[in-house]
Amino acid sequence: MDSTRKIFILAVEPSGDQLGAYLIQQLRKNSTENLNIKGIGGSKMADLGVASSVDVSALAVVGLIDGLRIYSKVKTLVNETVKKIVEHNPQVVVLIDSWGFTIRVAKQIKKLLPETLLIKYVGPQVFATRPGRAKTTATYYDHLLTIHTFDGHFFENEGLKTTFVGNPALYNHKNNFIGSTLEKYNPKNQPLIGVFLGSRENEIKQLCNVMLTAIEIVKKEYPDLVIVAPLSDNIATLVRSMAIEDKRLQNIILLDEVAKIEVFSNIDLSLACSGTVTLELADAGVPTVVAYRIGGWLGVVLQKLMFKARFASLINLSADEEIFPEFINLRCTAQNLANSLATMLQSPDQRNLIKKKLKTVVAQMRGQTGNPSEIAAKKVLSLLDQRLETGK
């Protein structure tokens, strides 16, 4: 009898693609049975031999307006994705993050493949907006793997079994890079600032101008500052093309994404688009100013009406304190960002206090659970074995 386990992994955004790749590695490492893993994702999953048969790059958008603009495309991609999953006929589907897209897929799979186990990896942000999503998640998924310590109870209260696995962003990257090649860019050992512009094209459109203007303001007061910007693979071509005409970008050292870990270990502070990178910066102990804008004027309205959390950054949410100064929507102005960066530059004591607080909150977020991807993989395999043995 064939004991091959068939698994399908869906990850449509860059951060999800990375989570998917980590999960695939650990599934293969921890399974005692043959695995047939198919999936739809990005380059990280493809590097492990799980190439995407559907091009989901158009889904790397942010904001309601952008989602509406590509609504017909989303419907088409959902149908194509569901078709590929049905063709594979897996015993388990793991759907990573990306609430709007994955819930549409989950609803169809629940109907077409009722015996297939549906696992959500990273739940929707019910703690900040739209708590009703917890009930919807519980309706269509069989289990949730959460990476946050503070959101599991929302889903458990709706009857969804939940496992906290931890956040791979606080585990998989290594700090303390030895042998810095950044020295050639900073021969006078001036303060070094990292700029992280985002990982999606829409984030560049929303934030790049205001972030570059903020750096320009700070540079007028501190002309010897050295600014470095590791570029996510997804936006590197776009930003480098912008640099041909934008002198502000010409005054920043643009680096490939592979230099990110080295940058973490050498910068004094950073300016970053809100996202996974802020967790990595926190883990590296880098004082950071966080910037974000949500879909133009409509995003501002929606934030006022729907956003319930005190903070947007996961570090601040976990600490219930604004450790990283954050500037969202209307507060996200070049002058506000510049003022916050300048304050940090002028105060080593403030930077040291932030570093001290980061150690505490990151330790709490990481927990003592070990490798989050391994825990997630073992849970997937355990749930799969249970489903095959009992049919439930």
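Each residue of segment 233-238 is assigned a 3J(HN,Hα), and the resulting list reads 3, 5, 10, 4, 4, 4 Hz, derived from the Karplus form 6.51 cos²θ - 1.76 cosθ + 1.60 (θ = phi - 60°), x at Gly and Pro. Less than 5 angstrom separates the built amide H of Asn36 from those of Arg5, Lys6, Ile7, all sequence-distant by 5 or more or on a different chain. Per residue, the chain reaches -14500 deg cm²/dmol at 222 nm when only DSSP H runs of four or more residues are counted, each adding -39500 (n - 2.57). Dipole magnitude for the chain: about 800 debye, using +1 per Lys or Arg Cβ and -1 per Asp or Glu Cβ, origin at the Cα centre.
To the nearest ten degrees, helix 201-221 and the longest principal axis of the Cα atoms of the chain are 20 degrees apart. The angle separating the long axis of helix 71-88 from the principal Cα axis of greatest extent in the chain is about 50 degrees. Amide H to amide H distances under 5 Å link Thr288 with Ser270, where only residues 5 or more positions off or on other chains count and H is placed in the peptide plane. Measure nothing but the geometry: give the 0 to 90° angle between the long axis through the Cα atoms of 334-346 and the longest principal axis through the Cα atoms of the chain, rounded to 10°. Value to nearest ten degrees: 70. For segment 105-113, backbone phi angles converted through the Karplus equation (6.51, -1.76, 1.60; θ = phi - 60°) give residue-by-residue couplings of 5, 4, 4, 6, 5, 4, 7, 7, 10 Hz, Gly and Pro being listed as x.
Quick one: if the Förster radius is 51 Å, what FRET efficiency do Glu221 and Phe150 give, using the C-beta to C-beta distance and rounding to 0.05?
Computed FRET efficiency for Glu221 and Phe150 comes out at 0.85.
Computed from label points 7 Å out along Cα-Cβ, the spacing between Gln25 and Asp349 is 4.3 nm.
How high is the relative contact order of segment 182-366? Use alpha-carbon pairs under 8 Å, at least six apart in sequence, and give a whole percent. Kindly include the intermediate steps, with their values, before the conclusion.
Working: 280 pairs, mean separation 43.8, N = 185.
Answer for segment 182-366 is 24 percent.
Taking amide H as placed 1.01 Å from N in the peptide plane, the amide H of Phe164 sits under 5 Å from that of Thr146, each at least 5 places away or on another chain. GNM remark for the chain: springs join alpha carbons under 10 Å apart, and the peak mean-square fluctuation among Ile109, Ile147, Ile244 falls on Ile244. Size check on the chain: the Cα extents along the three principal axes, sorted descending, read 70, 43, 40 Å. Estimated from the Cβ-Cβ distance and a Förster radius of 41 angstrom, the FRET efficiency linking Asn209 and Leu388 is about 0.15.
Treating only the Cβ of Lys, Arg, Asp and Glu as charged (+1, +1, -1, -1), what charge dipole size does segment 182-366 show about its Cα centre? Round to the nearest 20 debye.
On the way: 21 positive and 20 negative charges, 79 e Å.
So the dipole magnitude of segment 182-366 works out to roughly 380 debye.
Only one residue of Leu269, Phe196, Ile294 has its Cα farthest out toward the positive end of the dipole of segment 182-366, where Lys and Arg carry +1 and Asp and Glu -1 on Cβ, and that residue is Ile294.
Checking the table Lys247/Lys356; Lys38/Lys110; Lys73/Lys161; Lys6/Lys107; Lys260/Lys357 against a 29 Å threshold on Cα-Cα, which pairs fail? The partial results should precede the final answer.
Numbers: Lys247/Lys356 36 Å; Lys38/Lys110 18 Å; Lys73/Lys161 33 Å; Lys6/Lys107 20 Å; Lys260/Lys357 23 Å.
Correct reply: Lys247/Lys356; Lys73/Lys161.
Every number in this text was worked out from the coordinates using simple rules, so none of it is lab data. Computed from a prediction, not measured in an experiment: that's the story for all the values here. As a convention, Cβ positions derive from the backbone with ideal geometry for all residues, glycine included, and neighbour counts pool all protein chains shown.
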